[in-house]
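Contents: one structure, followed by commentary.
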Amino acid sequence: MEILEKLFGTEARVKMLRLFLFNPEHAYGAEDIMNRAKVTGKEVKDQLAVFQKIGLIKSKQVTQEVAKKKGKKIVIKKRRVQGWFLDDSFPYLLALKNLLITVSMKTHEDIAKHFGPVGKIRAVIVSGIFIQDWESRVDLLIVADNLKPAALERAVKSLEAEIGKEIRYAAFETPDFQYRLGIYDKLIRDILDFPHRKVVDKIGIVH
């Protein structure tokens, strides 16, 4: 993050750049940006002004859900607020995306180590965001013996917080994966039939 802060000025700007660049299909209200990027209201206001000035984002009305407590019940209400979304005509989108990923991303080997606590790792395959393939449907495949769901969820959320994007992943116990591989399961083929990299392969995956 330190290198990016020096390049882009502030940590808040880096966080908000990631939010918009890595989630181009979403529009966010100011409160949503604060919660997701972990920045202050003033930082949101300042950075939105910069992003709009250079043509990186556009604004529109969005529906936002607000949780309010009434007695012992939580009531969800919807309201219309000003929102902002990525302008896909901005000329340097791909360059910015790749720069943010390249500078801040763990190495593929570090990603494999990151998931060490989730079970006895048998295979780790990276694709999508981890190889700068923005059209991929899946970013990460984990195969393990004695897979620990809670540890897996913690590892995924930790990595998502680090890179600023929701990770599209699949995780399987080894026998389940081998069965799916044998019947040409669509999800498995969506990974193996498109650009990817095997970081760990103790199974001998043939595709």
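Every number in this text was worked out from the coordinates using simple rules, so none of it is lab data. Since the model is a prediction, treat every value here as computed from it, not as a measurement. Don't worry about glycine lacking a Cβ; one is built from the backbone with ideal geometry, like all the others, and counts go over all protein chains shown.
Given 5 Å bins starting at zero, what is the percent of C-alpha pairs of the chain in each, up to the one with the largest pair distance?
1, 6, 13, 16, 16, 13, 12, 10, 8, 4, 1, 0
Using only the Cα atoms of segment 106-201, each taken as one equal point scatterer with no solvent, compute I(q) by the Debye sum, divide by I(0), and report log10 of the ratio at q = 0.12 Å⁻¹.
-0.33
If I model segment 37-153 as equal point scatterers sitting on the Cα atoms and use the Debye formula, what is log10 I(q)/I(0) at q = 0.14, 0.19, 0.20, 0.21 Å⁻¹?
Reported log10 I(q)/I(0), two decimals: -0.94, -1.06, -1.08, -1.11.
Among 89, 59, 127, whose mean-square fluctuation peaks in a Gaussian network model of the chain (Cα, cutoff 10 Å)?
89
Working only with C-alpha atoms, what are the Rg and Dmax values of segment 2-99, expressed in angstrom?
Cα only, segment 2-99: 15.0, 51 Å (Rg, Dmax).
With a 10 Å radius around each residue's Cβ, average the other Cβ atoms per peptide and rank 37-44, 144-151, highest first. Walk me through the numbers before you get to the answer.
Numbers: 37-44: 15.8, 144-151: 13.6.
Result, highest mean Cβ count within 10 Å first: 37-44, 144-151.
Just how large is the dipole of segment 2-99 about the Cα centre, in debye to the nearest 20, putting +1 at every Lys and Arg Cβ and -1 at every Asp and Glu Cβ? Write down the numbers at each step before the final one.
Numbers: 21 positive and 11 negative charges, 177 e Å.
Here the size comes out at about 840 debye.
Per the helix-only calculation at 222 nm, which mean residue ellipticity applies to the chain, given -39500 (n - 2.57) for every DSSP H run of n ≥ 4 and division by its residues, nearest 500 deg cm²/dmol?
Working: 9 runs with 91 residues, N = 207.
It lands at -13000 deg cm²/dmol.
Distance check, please: which entries in 70/165; 45/157; 97/157; 165/198 exceed 24 angstrom between their Cα atoms? Walk me through the numbers on the way to the answer.
Numbers: 70/165 33 Å; 45/157 27 Å; 97/157 20 Å; 165/198 21 Å.
Beyond 24 Å between Cα atoms: 70/165; 45/157.
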